[in-house]
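A.B. asks: For reference, the structure I am asking about is given below.
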Amino acid sequence: MRSFFKVFFASLLALVVFTIILFFFTLSWVGRLASKNELKVEANSVLVLDLGQHYAEQLKDVPFAILSGEDKDVPGLYDVVRLLQRAKSDKNISGLYIQANNNANGFAASEEIRNAILEFKESGKFVLAHGDVMSQQAYAVANVADSVFVSPQGFLEWNGLSVEYAFLKGTLEKLNIEPQIFYAGKFKSATEPLRATEMTPANELQTTVWLSDLYSHLLMGAAATRRIDTATLHNLANEGKIQTAADAVTYKLIDGVKYDDEIKDAIKKKLKIDKYERTNYITVNTYLAAHKLDKSSGDKMALIYAEGNIIDGEGGEGEIGSETYRTLLRKARLDKSIKAIILRVNSGGGSSLASENIWRELELAKKEKPVVVSFGDVAASGGYYISCSADSIFCLPNTITGSIGVFGIIPNMETFFKNKLGITFDGVKTGPYADMGAIYRPLGENEKKMVQASIDVIYTQFKQRVADGRKKDTAYIDSIAQGRVWTGMRAKEIGLVDRFGGLDDAVKCAARLAHLEDYSLKEFPQPKNIFQQFFGKSDPMNYNDKMKAELGEVNYKLYSEMKKVREMTNVPQARLPFTFFIH
């Protein structure tokens with residue numbers, strides 16, 4: 001009888017828990033549905049763009065927004081661009097207010113947002129930007145506004161750019177771990193943090209070039225909007241002239257100092273409403289909820305987002321799994337209703353085999369229909385590998401790309417196990433190479449030659465894929481490969497990409513190649529429904545978000561670097577040669 005009651009009450013508890021979960025799911029779903037049906041944009045509204053919000057490639061669905069108080073779903077980057085395009089002609093939107101404190105978006109993503117704001121300005125509607133403490137990255141976007149303001153006791157950051165690398169060689173030495181590194185390409189510095197304590201001359205050269213390119217682009221953008229020559233802007237940074245908000249006004253980087261309430265009053269004057277009348281502010285998140293962006297008419301084109309590390313297998317959220325993307329591309333290739341494919345790449349690469357498998361499917365697709373690739377912040381190494389056979393490649397001048405090279409890591413942890421943990425290993429094998437790649441012993445000389453030979457073969461294949469896709473001689477590709485990182489500006493000069501432009505430009509190009517005047521976009525991977533998000537979520541406790549909050553942004557990146565070392569072990573990598581921190 002006791003056993004019966006145990007089972008009974010356990011089952012009852014499970015039923016109660018399930019009912020509660022179902023209730024909240026239903027409440028959330030009904031609330032979200034109702035809010036989307038009822039939400040309308042009021043006349044004389046002001047669209048609010050918060051640069052401190054990160055806009056990933058795809059929309060971030062917030063299932064319990066109605067319960068948590070979060071501001072609707074977070075639009076993807078392309079959604080933000082399209083929303084600004086929509087607002088340009090929306091008679092209910094009177095202007096744009098840019099909240100410009102920090103900027104959580106990368107260089108190329110910021111450039112796409114900036115260009116969309118410039119297009120919005122063509123409508124003649126006002127654009128104001130304000131920040132209490134305005135970072136350099138936020139200013140890079142905000143300086144397109146009609147007027148830029150900073151709080152009187154705040155400041156504008158204007159110091160130039162610097163880049164930092166984290167080197168782990170000393171850590172590994174303290175742990176008695178020998179990384180055993182193999183690579184092809186003299187600039188392929190992915191392994192530098194594991195084998196050096198400072199930058200090699202080759203890496204210092206390439207870093208100086210691409211960082212200078214990013215800085216030049218920043219200066220030219222500010223010069224064009226603020227009507228200050230780049231030499232003056234450069235000197236202001238070098239001489240540390242901008243220390244206070246008043247300094248920024250003096251040197252004409254901003255238009256004035258104002259508190260938040262003064263900005264709100266200025267907006268009311270532009271709207272010609274009384275100071276006591278409510279201003280209709282609408283965030284881009286809410287504006288997204290009020291509009292359906294996808295056109296439902298015309299022929300279909302597939303827009304496939306590839307964001308994150310490239311890995312073998314299916315992959316999870318924020319990863320480009322070879323099986324998942326091979327299937328997506330194959331379905332788009334074989335679907336006769338899809339007339340063109342746009343691949344949006346934002347990836348520093350990963351597994352070389354996974355990159356090859358995705359490349360193969362894209363190569364097949366190109367024989368069936370137009371394939372256009374758009375690069376985001378980063379499309380390097382494996383990210384470039386999967387893209388190189390496209391009919392046309394778009395990037396922005398400050399995209400990071402190239403890094404055509406390969407490396408591999410097989411750690412020797414024998415001393416670590418013995419000296420730090422007191423563990424030793426012994427066993428038998430049927431041949432000298434039966435346990436090749438084992439981390440509990442060092443590689444022999446022949447084994448090292450075998451691993452390096454396999455790295456060289458993959459590198460040769462990588463260069464050939466690029467040569468074929470870009471219709472260039474392999475000797476020329478070798479001269480610009482070697483693992484070297486390029487900005488989009490130089491990538492266009494040397495033929496790695498075709499045109500400058502954002503995702504919207506790539507979409508329009510694909511439509512032209514497919515001879516489509518009217519079209520709709522079918523986006524992949526398709527968002528998970530509310531039940532899939534909850535029951536299929538790989539991180540239900542938001543572990544990574546909590547780690548980031550606890551460690552801080554920089555320390556979390558260092559932690560992520562240590563995880564990457566583990567992921568790169570024993571698998572040849574076509575990966576961006578480093579993680580860098582730009583300030």
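The values are calculated or read from the model by the stated rules, or taken from the named source; none is laboratory data. These figures come from a predicted structure and were not determined experimentally. Don't worry about glycine lacking a Cβ; one is built from the backbone with ideal geometry, like all the others, and counts go over all protein chains shown.
A.B. asks: Quick check: anything in the range 247-267 small (Gly, Ala, Ser), part of a loop (DSSP other than H, G, I, E, B) and surrounded by fewer than 19 Cβ atoms within 10 Å (Cβ to Cβ)?
C.D. replies: No.
A.B. asks: Can you find a residue in the range 157-167 that is closer than 28 Å to SER94 by Cβ and modelled with pLDDT of 95 or more?
C.D. replies: Within the range 157-167, not a single residue is closer than 28 Å to SER94 by Cβ and modelled with pLDDT of 95 or more.
A.B. asks: Could you please give the count of residues in the range 159-181 that are out of contact with any Pro (no Cβ under 7 Å at 6 or more places or on another chain) and buried (at least 21 other Cβ atoms within 10 Å of the Cβ)?
C.D. replies: The number of residues fulfilling the criteria is 0.
A.B. asks: Return a yes/no flag: does the range 437-447 have any residue that is touching a Phe, Trp or Tyr at 6+ places or on another chain (Cβ under 7 Å), hydroxyl-bearing (Ser, Thr, Tyr), in contact (Cβ under 8 Å) with a residue 24 or more places away in the chain and surrounded by 11 or more Cβ atoms within 10 Å (Cβ to Cβ).
C.D. replies: Yes, the range 437-447 has at least one match.
A.B. asks: Does VAL284 meet the test of being closer than 19 Å to LYS60 by Cα, touching a residue at least 60 places away in the same chain (Cβ under 8 Å) and of a type in the set (Val, Ile, Thr)?
C.D. replies: It is true that VAL284 is closer than 19 Å to LYS60 by Cα, touching a residue at least 60 places away in the same chain (Cβ under 8 Å) and of a type in the set (Val, Ile, Thr).
A.B. asks: One residue is enough: does the range 531-538 have a residue meeting the conditions closer than 30 Å to ALA116 by Cα, assigned to a helix (DSSP H, G or I), modelled with pLDDT under 60 and not basic (Lys, Arg)?
C.D. replies: No, because not a single residue in the range 531-538 is closer than 30 Å to ALA116 by Cα, assigned to a helix (DSSP H, G or I), modelled with pLDDT under 60 and not basic (Lys, Arg).
A.B. asks: Take ASP435 and tell me if it is of a type in the set (Asp, Glu) and either touching a Cys at 6+ places or on another chain (Cβ under 8 Å) or closer than 30 Å to LEU175 by Cα (or both).
C.D. replies: Taking the combined requirement at face value, the residue satisfies it.
A.B. asks: What are the residues in the range 448-474 that are small (Gly, Ala, Ser) and surrounded by fewer than 21 Cβ atoms within 10 Å (Cβ to Cβ), if any?
C.D. replies: The answer is ALA453, SER454, ALA467.
A.B. asks: Within the range 423-436, identify whether any single residue is out of contact with any strand residue (DSSP E or B) (no Cβ under 7 Å at 6 or more places or on another chain), under 15 Å from GLY408 (Cα atoms) and in a loop (DSSP other than H, G, I, E, B), and answer yes or no.
C.D. replies: Yes, the conditions are met somewhere in the range 423-436.
A.B. asks: Looking only at the range 210-232, how many residues end up being more than 30 Å from PRO411 (Cβ to Cβ), assigned to a helix (DSSP H, G or I) and either within 22 Å of the chain's Cα centre (by Cα) or free of Cβ contacts under 8 Å to residues at least 40 places away in the same chain (or both)?
C.D. replies: Final tally of qualifying residues: 16.
A.B. asks: Could you check, for the range 107-122, whether at least one of its residues is surrounded by fewer than 22 Cβ atoms within 10 Å (Cβ to Cβ), of a type outside the set (Lys, Arg) and farther than 28 Å from GLU307 by Cβ?
C.D. replies: There is at least one residue in the range 107-122 that is surrounded by fewer than 22 Cβ atoms within 10 Å (Cβ to Cβ), of a type outside the set (Lys, Arg) and farther than 28 Å from GLU307 by Cβ.
A.B. asks: For a quick check of your reading: which strands (runs of 3 or more DSSP E) sit entirely within the range 308-413 and have at least 1 residues that are buried (at least 19 other Cβ atoms within 10 Å of the Cβ), modelled with pLDDT of 95 or more and of a type in the set (Asp, Glu)?
C.D. replies: Counting at least 1 such residues, we get 371-380.
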